[in-house]
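Data first, discussion second: the structure below is written as structure tokens.
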Amino acid sequence: MQPTRNATKKLVSSPKCKKASATSEQKKQGLSPRSTAPVLKRTTFKTSREMDFFSKKELVTQTGHIVDEWPLVILKELIDNALDACEEGDIAPVIEVSADATGITILDNGPGLPEDTLQGAIDFTSRTSNREAYVSPCRGAQGNALKTILPMARVADPEHGQLIIETLGKRHTIRCGCDPISQRAVVHHDIVDLPKCKNRASRNSTINQALSCGTSIRIEWGARPKGEWPFGYRYPYEDNFARQFRELIQGLVVFNPHLTMTLNWFNEQTTWEATDPAWNKWKPHKPTSAHWYELAHLERLIGAYITHDRDHHSDRLVSDLVAEFDGLTGSQKRSKVLEDAGCHRVKLSDLVVGGRLDSARISRLLKAMQVHTRPVKPSRLGIIGEDHLRARLLAMGIVPESFQYSRKVSKNGLPSVLESAFGWKGDESEDRRTIISGANWSAAIKNPFRSFGATGEGLESALTDMRVSAYEPVVFVLHMAHPRVEYTDRGKSSLVVGAKKQDLS
């Protein structure tokens, strides 16, 4: 039976129906059914990650160091890059550091900064690195050193901050900024040709001839009262900061016997001549060893190659990858590896199954590479040596009879070399302990040996237990060479060292 018109009217006018009608109307107006207050319908915004490099807070996160320490970050990262460049060109490194009221300049005698490396550095949408995917005893592996230094000038001095790079006959002036609306990087990159045979070394340099080529990188800011720097230090030439700056350079000199270094600190010049220009170590362009990789590391490398090849419309063979490893450059061994792994004429893209890397097949490949090669002996990584360390510590003023040197090498597992040196400065010197520590020939801004193995005891505590407190006039050096160095933070201020990493005798 159909309801009558009166019955329908009565039904619509009932309290329940009125409530339902009101609820429907509130929803149309964007109001909560239980309240007359408006409801915010949130929009999901996409924010560019490029801004991770354009604020003090984000740069502190990226570098792992507070703003006060940025000049030390600039110094360390640019010298590390210069050393790597020289070693890749089989050149004994000659480096000059100049610091003045308006900037810091690093000048090297390397082969020059490649254009594609520079272009990758100013692309803040991606990370560009020829280190990160490989396992090797290199100075750095994060691939963002130059990318973080580029915006430092702008963040420290938004009006005048810039980076000036002179290399391969061109001067690049780079000013970084950001679009406050889109939150994206804005890079102004001006390029001019340098006069032929122009010598970019500073006027006071004693090594102009060696530095007539290579790369000059200057981070520059505007002039300030009394020569202040736009970082935490009002007067960079005050004793405390000047000492930190100089000691970081000393650390790099201590760890690199082939390095000739000049520091021009506000027109006060010091030069450290190389003790052994022909000194040899595992250089960045040497093949890596399959014995340094675990499955996850090899998968990371293969994935990086596949991505690179896709971007360049190519697809390399597994044999091309194998040929890059230490001991497998010869065709006979390489053929045995491919046979054992079942990878003859197989392309890297064939190692992707169902959108994922074929871990079982890659594991067989890694095992075959390890079976047909010999592990790298620790001595091949590079040994700084007793003679060099003695010469450097004597130059720092230690009493000759107090010098002590120790070297420990791994007996099994990954190859590693741990070298230490000690010297006492005498009763007349300042009551202050100097620690120079680092890994893979790079000095650390802060002592990275915070914890040793299961004891959890750090280097400072260990020295204090041996009655070498912070107020003793001593110099202590500790360096570790290792193909798989790991840090707990981006600032490389805490090194992972333990029994699982190496067995040192």
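Some points to look at:
- Residue count, the range 100-126 (criterion: of a type in the set (A, V, I, L, M, F, W, C) and either in contact with a His (Cβ under 6 Å, 6 or more places away or on another chain) or under 14 Å from residue 261 (Cα atoms) (or both)): 2
- Any chance residue 409 is under 30 Å from residue 81 (Cβ atoms) and among the β-branched types (Val, Ile, Thr): yes
- Set 390, 467, 407: member being part of a loop (DSSP other than H, G, I, E, B) and not assigned by TED's automatic domain parsing to the domain that holds residue 341: 467
- For first residues located in the range 179-193 and more than 30 Å from residue 169 (Cβ to Cβ), partners that are surrounded by 12 or more Cβ atoms within 10 Å (Cβ to Cβ) and lie 6+ apart or on another chain with Cβ distances below 6 Å form the pairs 179/186; 183/48; 183/51; 184/48; 184/50.
- Members of the range 424-440 found to be closer than 16 Å to residue 239 by Cα and part of a strand (DSSP E or B), listed by number: 434
- Contact map, the range 242-264: residues that are over 14 Å from residue 93 (Cβ atoms) paired with residues that are of a type in the set (Asp, Glu), Cβ distance under 7 Å, separation 6+ or inter-chain. Pairs shown: 264/96.
- Restricting the range 267-289 to residues that are part of a loop (DSSP other than H, G, I, E, B) and hydroxyl-bearing (Ser, Thr, Tyr), the residue that is farthest from residue 255 (Cα to Cα): 289
- Contacts under 7 angstrom Cβ, first residue in the range 275-286 being within 15 Å of residue 110 (Cα to Cα), partner surrounded by fewer than 16 Cβ atoms within 10 Å (Cβ to Cβ), 6 or more apart: 283/88; 284/88; 285/88
- Checked against (1) modelled with pLDDT of 95 or more; (2) in a loop (DSSP other than H, G, I, E, B), residue 96 passes all but a single condition, namely (2).
- Evaluated against (1) under 24 Å from the mean Cα position of the chain (by Cα); (2) modelled with pLDDT under 95, residue 384 falls short on exactly one condition, (2).
The values are calculated or read from the model by the stated rules, or taken from the named source; none is laboratory data. Predicted model only: the values in this text are computed from it and were never measured. Using ideal geometry, Cβ is built from the backbone for each residue, glycine included, and neighbour counts are taken over all protein chains shown.
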